[in-house]
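So the structure is just underneath, and the comments pick up after that.
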C-alpha cells in the first residue's frame, strides 16, 4: 500500500512539474514574427504578356524591374517570365487573356478595348490637362481606388500607369485647326472621336502598326506620347511635333488572373502589395516622363524635328471643340446606371490636386 501511495505521489509531482515548465516556457518564447515569410517550400511562377518590344523601357525598366523587386522581396519565391512583343497575347486580347488564364499577368492599355471599361474612359477624356505622366498615373490610380469600378473586378489589378499628355507628330506642320483639317492621323481608343471633332480623319490602329502606316503614307501623322518618336522610330517618318497636352492620355494596366492571385499564400499577397506600392511610386508612375524627355532631345537634335507650341487662344479653340466628348461621357454613364457627373468631378478634383 505504501508503495502504491509513493508511486501516485511521484506521478502527481511529475505532472505538476510538467505543467509548470510548460507555463514557464510559454512566457519566455517570443511571438512569431508577423513579417516572416510563411515559406511553404513552393516557388510561384507567372507568365506576363505584353506588346512592347523587347528593348522598350516598358519591358526593360517596368516589367523586368518589377519582376526583380518581387523576386528579391520574396527571397526567390516569386518568379515572373515575360513575353514581350505580343508573342503570347495581342494588345486587344490581353485583358481577356488574363481573365481566361492564357497568361497569368498582363500589361496593356485599356483603350484597346473600347466599351469594355466604360468608367475608366474618364481618365482619357480630352479637355483634361495632364502636365506629365507621373501626375496622370497618380490621378488614375487614386481615382480608380475612389471609384472602385466593377469592370476591373474580374482580375487582381496590380497598378496602373499613364503616358500623360500626347502630341501630334506629322509630316506637314500643324499650327492651327485649319492645318489639321482632313489630315489622316493614327489614333487609338477615344482619340478617334477627338480627332474627328477637330476636323482630322482618324485612322484607328495599334501603336505597333503605326510606323509602317507612316512609312507607306497610309497616315499623315500620329497622336501619341513623345516617346514614340524614338521608341517606335516615328521621328524617321515625321518632321513636326505640335504640343497638345489637352487631347490625350493613355492608361495602361498591370493585372493578374484572379485565380492565380487567390491561390497565393497571404504573405506573398502582402509582398505583392508592398512592392506594387513602392514600385508604382518610384518607377511606373513616371516611366513615360523619362522616355518622353529622352525622345524629344533625340528627335530635335538627331532628326531635326520642329516643335510647335500653340498660343493660348489657339489652344482654347481646340479645347472648345472637344468638350462635347465630356458631356457625352456623362450622358453615357448616366444611361448605364452610373453617376457620370460624379465620376468626372472626382477626376477633375484629382487633376487640380496633383497640379
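A few comments on the model shown:
- When residue 180 is tested against (1) surrounded by fewer than 18 Cβ atoms within 10 Å (Cβ to Cβ); (2) farther than 30 Å from residue 101 by Cα; (3) without any contact (Cβ under 8 Å) to a residue 24 or more places away in the chain, exactly one condition is not met: (1).
- Condition met for residue 186 (buried (at least 20 other Cβ atoms within 10 Å of the Cβ) and either over 15 Å from the mean Cα position of the chain (by Cα) or within 17 Å of residue 248 (Cβ to Cβ) (or both)): yes
- Of all residues making up the range 189-201, the number that are surrounded by fewer than 21 Cβ atoms within 10 Å (Cβ to Cβ), touching a strand residue (DSSP E or B) at 6+ places or on another chain (Cβ under 6 Å) and not in a helix (DSSP H, G or I): 1
- Residue in the range 46-60 that is surrounded by fewer than 21 Cβ atoms within 10 Å (Cβ to Cβ) and in a strand (DSSP E or B) present: yes
Conditions (1) assigned to a strand (DSSP E or B); (2) surrounded by fewer than 20 Cβ atoms within 10 Å (Cβ to Cβ), marked per residue:
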| position | (1), (2) |
| --- | --- |
| 120 | no, no |
| 123 | no, no |
| 131 | no, yes |
| 134 | no, no |
| 142 | no, yes |
| 159 | yes, no |
| 164 | no, no |
| 169 | yes, no |
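- In the range 89-104, of all residues being buried (at least 20 other Cβ atoms within 10 Å of the Cβ) and assigned to a helix (DSSP H, G or I), the one that is modelled with the lowest pLDDT corresponds to 91.
- Here 51, 111 are screened, and the one residue that is in the same structural domain as residue 142 (by TED's automatic domain parsing) and closer than 30 Å to residue 320 by Cα is 111.
- Failed criterion for residue 246 (all others in (1) modelled with pLDDT of 90 or more; (2) closer than 30 Å to residue 158 by Cα; (3) crowded, with 23+ Cβ neighbours inside 10 Å hold): (3)
- Counting residues in the range 144-157 that are surrounded by fewer than 17 Cβ atoms within 10 Å (Cβ to Cβ) and over 29 Å from residue 48 (Cα atoms) gives zero.
- Filter result for residue 344 (in the same structural domain as residue 241 (by TED's automatic domain parsing) and at pLDDT below 95): no
- Test: residue in the range 105-116 that is over 23 Å from residue 319 (Cβ atoms) and part of a loop (DSSP other than H, G, I, E, B): yes
- Only one entry in 72, 68, 59 is at pLDDT 95 or above, more than 26 Å from residue 165 (Cα to Cα) and within 20 Å of the chain's Cα centre (by Cα), namely 68.
- Residues that are surrounded by 12 or more Cβ atoms within 10 Å (Cβ to Cβ) and in a loop (DSSP other than H, G, I, E, B), drawn from the range 293-319: 305, 310
- Among the residues making up the range 210-253, a single one is without any contact (Cβ under 8 Å) to a residue 12 or more places away in the chain and either in a helix (DSSP H, G or I) or within 21 Å of the chain's Cα centre (by Cα) (or both): 212.
The values are calculated or read from the model by the stated rules, or taken from the named source; none is laboratory data. Just so you know, these numbers come straight off a predicted model, no measurement behind them. Because the Cβ atoms are built from the backbone with ideal geometry, glycine has one as well, and the counts that use them run over all protein chains shown.
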